[in-house]
Structure formats: C-alpha cells, structure tokens
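Note sheet for the following structure.
The values are calculated or read from the model by the stated rules, or taken from the named source; none is laboratory data. What you see is a predicted model; the values in this text were computed from it and never measured. Neighbour counts are summed over all protein chains in view; Cβ atoms, including those assigned to glycine, are modelled from backbone coordinates with ideal geometry.
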Amino acid sequence: MIRLTRFIVQNPGLFVNGLKGYLNQHLSPRLYQIMMQYLNRTKMTAMQPWKRFGVFSAGFPTEIPAAMGYFPGYPEAYAALTGAAGCSVPSIEYAESLGYGRDLCSYMKTSIGSSRMGWPEDFGGNRVADAYFSANLVCDTHLKWFESEARIHNKPHFALDVPSFVAGEHENRIEEYVDYVEQQLWDLIAFLEKETGKKFNEKKFFEMVGNSAEICRLFRELSEYRKRFPANRYFEWVRTFMLPMVSQWNQKDAIRFYSKHLKMAEKRYGDRQTIEGGREKYRVLWEGITLWYNVDLYQKVLADKGARIVAEPYTYSFAGRSKPKGSLKETLRQIARDHILVPFTLNLDRRIAYFNTLIQEYDLDGIILHANQSCRPSSTGQLDLQEALQKKWGIPVLMMNTDHCDPRAYAEGPMNTRIEGFVELMESYVKRKA
Amino acid sequence: MLTVGIDIGSITTKIALMDKTKLIYTDVAFSGYDMARAWQDIFKTMLLKTGTKEMDISCIVSTGYGRGSVGIAHKKITEISCHAAGAAYFYPDVKAVIDIGGQDSKCITLNGSGTVSDFVMNDKCAAGTGRFLDVMARALHVELGDFGAMDHKSKKPVIISSMCTVFAESEVISMIARGESRENIIAGIHESIASRMVSMMNRIGVSKPLVMTGGVSRNKGMRTAIEKKIGLKLLVPNEAQVCGAIGAAILGGA
C-alpha cells in the first residue's frame, strides 16, 4: 500500500489514466475482484517475511515451487496489466534510459522500468523475490532477464531449459527431451529442498497438480463453446479471463470461478450449435500475444466491422496441464511432456497442422498474425505459416507488425487501412465459402 | 449514373468523376493540413468545371488515409480495393498492382474478376514511400520532378545501406560531403526503394500484367529500377496518380 500511495502522489495523472484503462477492460466485477485479490496478495507477501515469494516466468511449472510454499509472482502478468491500463510507456522509456534496447521485450522493460522506479504491481513493479524461476519454453529473454534480476538482488535463480522440438526431428526425440526436462525437475526439487530446508511436500504437490489440471480442463471445455455460433467469448474477454488459470495462486477459487462459467455456457447453449444472435459476420483467429494497451482494437475496431476473435493459441497454451499420474516420477515426466508441446511454440509442421484443424473447428474466415516487434521468437515462421494456410484454404491472413506491451509500435492510421483491407478480403472469402 | 471517387492521401488529394464506365474528370491537389478543406475545395472545383450538380451524383466513395473525413461519402473503401479497381479499369486482365504513395507502399494481387485476392504493405516505416523520396529531394536540393531525368544520367548508382528514412538521409548527406554525384545518389535511392518493393512483391508472389499506380509512378527512374529488379515490365496508365480515386468511383457504381 505504501508503494501504491507513493505512486499515486507522484503520478496522479498516470494513476487516473490507469484507472480509466482498467475500467475500459472487458472485466466482470468478479474478475476484477480476482485480479485485485491476486495483486493485493502479492503485496502482502512483503509484510509476511515468513512466507516465501517466488518470481516466475510464463510457462514455468509453478506447481512444484508452490507446493513448497512459494507464492507465485509474475512480472509478465503485472506488465500486461500495466499495458492494459495504458501506463507501460513511462516504464519502458525508463528502462531504455538505463540502456535496455528498443527491440527488447516490452514486458521485460515495463517490469524493469516500473520496479526500478519503485512502482507497485498494479503498475508493473515487482518486489524482490526469495527466488527467481525461469523457463525458456515460450521465450528466450526469460533466462537472461531473471538471471540478471537474481544477480542484482543476490537471490537464487533456477533456470529450466526446455528444448524446442523442431520440424524434421524424429518423434522419438520427444522422449529424449522428456528425459532431459524430467531430470531438471528433480534438480528443481533438490533446489527447493535446499532453499527451504524442508523435504519436498509430495502431498501438496499432487493436490496442486490435480487442481491445475482441473482448472485447465474447465478452461478447455469453455473454449469448446467458442466453436459455436455465436462464440461464447471473444478475445478481449478471454485475455483477462485466463488470469486465474495463469496466476495459479488460489486454485480452489479458480476452479469455482471456471465451473460457474462452464455451467453458464452449458445453460446458454445446451446441445445447440447456433443460438440467438447466430454466427458472427467474420470469425477470426489471433496468433500471438494480445495487444494489451489496445483492447479497443478487439471490442471496437474489429467488432464494428463484424470481425470477432474466436480463437487464439496464445490463451489456449496456458491450458495444457495434465492430471497427476500414479507416482512422482511419472507426474514429473508428464509435466515435462506438457511443457515441450505447447500450441504457442509448436514447430512449423505441427503449427500448420494445428492451424488447419482450428480453421475447420472454429469455422474461421480470417487469421491475424501478430508479428511482434519485441518478441521475435513468437513471430518466427509466420510468413511460412501464412503461405501454407493461404495455399490450402485461400483464407485471408493479415500480418500485423506491432508490439504486445509497447503502444509506440502501433500506428493507428496505417493499421486501420490494413485491417479494413483485411475485412474486405474476408468479405470476398465468405462469399466464396458460401 | 454519375459516381465520384475522392482519394485523400497524406500528400495529395485526388478526385475522379465517372459516368458509368466513362471517365469524365480527374484532378489532383495538395492535402495540406486541413483534409476536410482539401476535399471540399477539389469537389467544388469539379462541380464548377464539369457543370455537375451534387444531386446528380448517385454515389460518392472516399478512400485513402483521410477517407473518414469525407462527410458526404456514401461509402468508405480502402485504397487497396480502389487501386485494384482503378488498375483493372485500364488493364482488365491485370494480375498485380504496386502502389507507392506518400505514406505507404503496397503490393496487391488480383483474381481474374479484378477483385483483390491478397495484399501486403510496408511496415510502419517511411522508407520505400513517396515521403522517403521527398526527404531525399530536400537533402539533395533537387526538385522531385527531376529525379527521373537525373537517374538516367547516373553512371554508377551508390548503395544506400540504411533501411530507415532518417538514417538514409544522413547517409546521403555524407555521400554529398564525399563528393558523390547527385545522379548516382538518386539512382541509388531508386534502387534502394526498388529492393524494398521487390521483397514485398516476392512475399506476395506477383505476376504480369503488373500495373504501377500512385504518384511515384511518374518517376521514370523509379519505374526502371523496379523493372530491372523484378524482371517484369510495368504498365503505367496516364492517370496512375488518380487510379485510387478512379477505382473508388468505379466501386461506387458497382
């Protein structure tokens, strides 16, 4: 609270803008409450020195450290919320003034800039953790970012190295990679036992993995309703709706939250494929991280033209956790497997096959590929993906050159022309499909 | 049936009046600061010069970056579709269009019926656009209209290595300081833009007949540089600069 109060006093204009930005999000009061509860719990760890606070990169198997009492903090989630609030630019510029380059990850720069300025988590800041946990499965920046944060604060860092299953490799190679990641998970357990001075809490671990799998199952089931007409939820909603699944801090509450939404969806649709309102004019897939600072792109610019984002591998990628197996070893192997094959990081061959399935299952009329300026790994292969999909389906594909958390990379005028051109292409495509 | 197309670009505003498929009138004026004023002036001039009454016009279509500012427009269509329709008006079997405008450059592919099948535009960067040429003309103290003739006199085009307008300008200034001839620098600038255009064309896969539209198409040096790099002849209608407005007028009657 001290940091938030200080932030408000020092940046009253930014705070008001941030509030407006938060209120402009597609959030229900309950979701807003969950988000605030999570941020407040993170802040409270500072007042509870007996509780451990871990800082995690996206994709890290949080259940393992969480079973040992580490409360999970996510700098990327804080940065995303800051971007959504429309407050990321000062932090990014501050990080750039420290020497971080313009083409580096804007999550990282938001987090570093806000943290160095002493801003609270609501505005991208990140308190010093007891330990830092990074995994490179979705991002190469994580490793160096977390390593340097750990070094600066003189705290331990555990780096999980997840190999990429590249196109052309034999399927048998996956098992070798599972062996490799499993070994590191055992190392992680040893690391946690050393840090905490306690034996690994298997009971708690199995409970957390079970809950995690249930959260993901509910999220996946809810996603199935997005295949119906009209889709149950659009991207502007799902991008914040996934927060309880991503943050993993209060699993039972997340299960209750998603169960309630699933029941609502079941009631709304029943067995019907099409309900009142019917099919959207244009059903679109979004590939890549969302533009956090630009919710209006989804709920106004695209929506006004009848184009709605009904699928995005990005959100679905967080929903891949499996149920625990009979033994600790088998469960760790399953976690390793789940982390190697993630929709967001599939190799080109698998990605093309995956998209071919999505085009049919979601009855898509267009695809937007976010060529992310500060996340080149996630943009790699998009031209090949575009070519393959257009060749097979003739489906319109729009490549958007912009950034997930840095609004300076988004030029409204030129972007609107591209979007309108894309919508005109979808109009022809839908006519041809019919 | 009279239709009007108004294309408001970042540098110029263009207008075209059509009677069904017959082109009656075209005009070009600077967009300036006030886009609304730009289209109103050019529209009034058109009415005056052609003796047309506003009530006789069945459809007005606006296009270009300022399309949203044309309050009287019945439709707003992107310049992508309009340039394609304009090019197809002059060359009905056109397969691809390249348009280098003031603010962006684009490659458009068309299907058999003259409608857009795909397009690609430059990234958020002025390099490879008409604005880029403007900046270079200022740096070289040369009128943009003389670029074509000067390019023709070039003996050895320089290599412009920078992909950014600002850096390229610095590069050009250092070349001037080194004593490099303006002709060679201009030819190098054309080749640099042509390289960017050809990358875009290769991305989308263009084939002939290939039409060039937009104001930059008047620059012969630019056309030659692109033709040399892509290995295809460019078709350029006399009204290339107003192709977007013509296409808009055509789509207004569709």
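Structural remarks
- Pairing residues of segment A:289-306 that are not assigned by TED's automatic domain parsing to the domain that holds residue A:107 with residues that are polar (S, T, N, Q), at Cβ distances under 7 Å and at least 6 apart in sequence or on separate chains, gives A:289/A:372; A:289/A:378; A:291/A:402; A:293/A:88; A:295/A:24; A:295/A:25; A:301/A:416.
- Criterion applied to A:350, A:408 was being surrounded by fewer than 20 Cβ atoms within 10 Å (Cβ to Cβ) and within 11 Å of chain B (Cβ to nearest Cβ), and the one residue passing it is A:408.
Each row is one residue, and each column tells you yes or no for (1) in a helix (DSSP H, G or I); (2) touching a Cys at 6+ places or on another chain (Cβ under 9 Å); (3) touching a residue at least 12 places away in the same chain (Cβ under 8 Å); (4) within 9 Å of chain B (Cβ to nearest Cβ).
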| residue | (1), (2), (3), (4) |
| --- | --- |
| A:364 | no, no, yes, no |
| A:368 | no, no, yes, no |
| A:385 | yes, no, yes, no |
| A:413 | yes, no, no, yes |
| A:418 | yes, no, yes, yes |
| A:424 | yes, no, no, yes |
| A:429 | yes, no, yes, no |
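- Residue that is nearest to residue B:178 (Cα to Cα) [pool: residues in segment B:113-158 that are within 14 Å of another protein chain (Cβ to nearest Cβ) and among the hydrophobic types (A, V, I, L, M, F, W, C)]: B:127
- Elements of the type helices (runs of 4 or more DSSP H) sitting completely within segment A:10-103 and holding at least 2 residues that are over 30 Å from residue A:190 (Cβ atoms) and among the small types (Gly, Ala, Ser): these cover A:12-23, A:75-84, A:88-97.
- From the list A:338, A:406, the lone residue that is under 17 Å from the mean Cα position of the chain (by Cα) and either of a type in the set (S, T, N, Q) or within 30 Å of residue A:180 (Cβ to Cβ) (or both) is A:338.
- The set of residues in segment A:69-80 being under 16 Å from residue A:21 (Cα atoms) and in contact (Cβ under 8 Å) with a residue 60 or more places away in the chain consists of A:77, A:79, A:80.
- Which listed residue, of A:378, A:374, is within 30 Å of residue A:87 (Cα to Cα), more than 14 Å from every other protein chain (Cβ to nearest Cβ), of a type in the set (Gly, Ala, Ser) and crowded, with 18+ Cβ neighbours inside 10 Å: A:378
- Answer from B:246, B:185, B:193, B:226 - the residue that is touching a Phe, Trp or Tyr at 6+ places or on another chain (Cβ under 8 Å), assigned to a helix (DSSP H, G or I) and in the same structural domain as residue B:165 (by TED's automatic domain parsing): B:193
- Annotation note: Cβ proximity below 7 Å between a residue of segment A:83-105 that is closer than 23 Å to residue A:379 by Cα and a residue that is of a type in the set (Lys, Arg) and in a loop (DSSP other than H, G, I, E, B) (sequence gap 6+ or interchain) occurs for A:96/A:102.
- Test: residue in segment A:110-118 that is under 18 Å from the mean Cα position of the chain (by Cα), closer than 25 Å to residue A:32 by Cα and of a type outside the set (Lys, Arg): yes
- Extreme residue, surrounded by the most Cβ atoms within 10 Å (Cβ to Cβ), among residues of segment A:237-280 that are of a type in the set (Val, Ile, Thr) and touching a residue at least 60 places away in the same chain (Cβ under 8 Å): A:238
- The residues of segment B:9-38 that are buried (at least 21 other Cβ atoms within 10 Å of the Cβ) and modelled with pLDDT of 95 or more, listed by number, are B:13, B:14, B:15, B:16, B:17, B:18.
- Hey, residue A:114 buried (at least 23 other Cβ atoms within 10 Å of the Cβ), in the same structural domain as residue A:69 (by TED's automatic domain parsing) and touching an Asp or Glu at 6+ places or on another chain (Cβ under 8 Å) or not: no
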